[in-house]
Amino acid sequence: MLEASDPAAAGMNPWAQWLLRALIVMGAGFVGLAIWVQPSAADDWYVGWQLADAGSAWAFLKQMYLGWSGRMFTMAVASVVLDNPTATAVFKLAILPCFVFLGACVHYLATGKPPRLERPEARGFLLTTAVLWLGIPVASETVVQVTGACAYLFPAAAGFGFLSLFRQARDQAQRGKVVSAGWLACAGWVFAGAVVGTANEQLFAGMVVLLGGWGWLLWRDKQLRNLPPEVWWGLAGLLIGVLILLGAPGNYVRMGAQTEGTDRLLTVVSRFAMYLGGAYFGLGTADTGRALWLGLAVIILSGSFTLGGQRGKEALIGVAASLATLAPMVLLVNFASPRTSFFAVIFLVMAARAAAPQKPEPSGANAIRLVAFAIAFLVAIDGFVGWAANRSLQIEEAARLAVIRQSVVEGKQEAVVPYLATIPSRLTFMLNPEHDRIFVLNMSKRQGLSGGRHDDSPGAPRPYTVNTLKKLKNLL
């Protein structure tokens, strides 16, 4: 697995190799545990209630399409996942493999080389995946939370997986190979394109720019005619899907109250400029984009960076695709949350890897090994802290739900529950006290009570007062 011919592996002590492997396994294990113990919160409950009230998955999809959104991919996945606890559990187990698959697709799209569990391919793939993990915005909302993964992670995996098929066809066309798999494959491409097209308008915008850039490269070299027919059928399916997505009446119902001030050009431009700053640099947050940009720097410095020639064009197309994912939000920046930069970050990481394919010099092997250990350690710590916080939150949520249900049994009119005291980690999705107050009220009414509220009595737990690592330390 660790080839001696690889400069970063040559001369590495066997114990160091095993330690690095152990850190990778430990990081994956703790991240998986953090995802597993994250309790249902907010939209997990709300969407589940809507699904139950609709009576069937079809009625739920129709209701969402007419009154909320055209993202049928997301709604279809949610209708399956939230249907019963077993489906939810299976979905949680699939989240981490899905993210690894996404990392593999990003690596392949950037380099044209499928990741393999051997050096140096594995090192480049694992580095890309780790940087992606540490750099994605609000991982608690886009990956860890069940409905967040339905809305962002799984559509991204489907979209980038579909793009990987286009990348394969493009590379074959550049080599002069015209290979068609037949009409059955064409039908599969149409269906896949239609499904991906309904996933997310931001994802579609990035895909259009990336595919357009690749098409331009092929047209410039007079190789466009080498593309097999299934590629064109796939594009047709993508167009069908996005027409379904954009034609949903629910989009315009939801957007009606979110466009205040968009009639003033200067207001639109200034707000969108601030939105771009937030998307790429985390302006207004404690992170200020450190994890993303340090990760991009590691990718660039560990490879052979250039913006010239074919690689430079590939990288610039990736950057353009990243920016394109933010364009659909131009009139909705007041409504946009940090998770709307999820797709932009993925395309940006892909662009960085395209500009700096893995080609380290032997003289930099020690630095590369040090960086590998540091990133593996960061992922492991991120997962461990996330698991500790999510486990604490899971216990609190279970206790509060028990209080609400006990209030029903005792014939009370109102449930009084404690605030959520856990201090959240990067991988912890929990509502702020004000949104949690609304959730407690809704949950109590859902259980048959007249209302519910937080316990404000003296001595009751206060929000964000339990440091789970400190609590764990005191138990030792």
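Each value in this text was obtained by applying a stated rule to the coordinates, not by laboratory testing. From a predicted model like this one, the values you see are computed outputs, not experimental measurements. As a convention, Cβ positions derive from the backbone with ideal geometry for all residues, glycine included, and neighbour counts pool all protein chains shown.
Brief remarks follow.
- Per-residue ellipticity at 222 nm from helix content only, as computed over the chain with -39500 (n - 2.57) for each DSSP H run of at least four residues, stands at -21500 deg cm²/dmol.
- Peptides 189-197, 76-84, 449-457 ordered by packing proxy, namely the average of other Cβ atoms within 10 Å per residue, highest first: 189-197, 76-84, 449-457.
- Rounded if a/c under 1.5, otherwise prolate or oblate - segment 385-475, Cα gyration tensor axes: prolate
- Distance in nm between pseudo-label sites at ARG446 and VAL178 (7 Å out along the Cβ direction from Cα): 5.7
- The long axis of helix 72-81 is offset from the longest Cα principal axis of the chain by roughly 60 degrees.
- Label-to-label distance, THR267 versus HIS435, with points set 7 angstrom from Cα along the beta-carbon direction: 2.5 nm.
- The gain in end-to-end length when the ARG21 to ALA297 segment is fully stretched comes to 97.1 nm, 0.36 nm per residue minus the alpha carbon separation.
- Angle in degrees between helix 265-281 and the longest Cα principal axis of the chain, rounded to the nearest 10: 80
- Each other residue within a Cβ distance under 13 Å of GLY318 adds +1 if Lys or Arg and -1 if Asp or Glu, for a net charge of +3.
- For the chain, the longest principal axis of the C-alpha atoms and the axis of helix 121-135 are separated by about 40°.
- In terms of its C-alpha gyration tensor, segment 38-360 has a rounded overall shape, because the principal axis ratio a/c (a ≥ b ≥ c, square roots of the eigenvalues) stays below 1.5.
- Nearest-0.05 FRET efficiency for ASN13 and ASN467, computed from C-beta distance (R0 35 Å): 0.45
- Distance between the modelled labels on GLU410 and ALA236, one decimal in nanometres: 6.6 nm (7 Å Cα→Cβ projection).
- Förster radius 25 Å - calculated FRET efficiency between LEU307 and ALA374, Cβ distance, rounded to 0.05: 0.40
- Farthest positive-ward along the chain dipole, Cα basis, beta-carbon charges - from LEU117, ILE346, ALA130: LEU117
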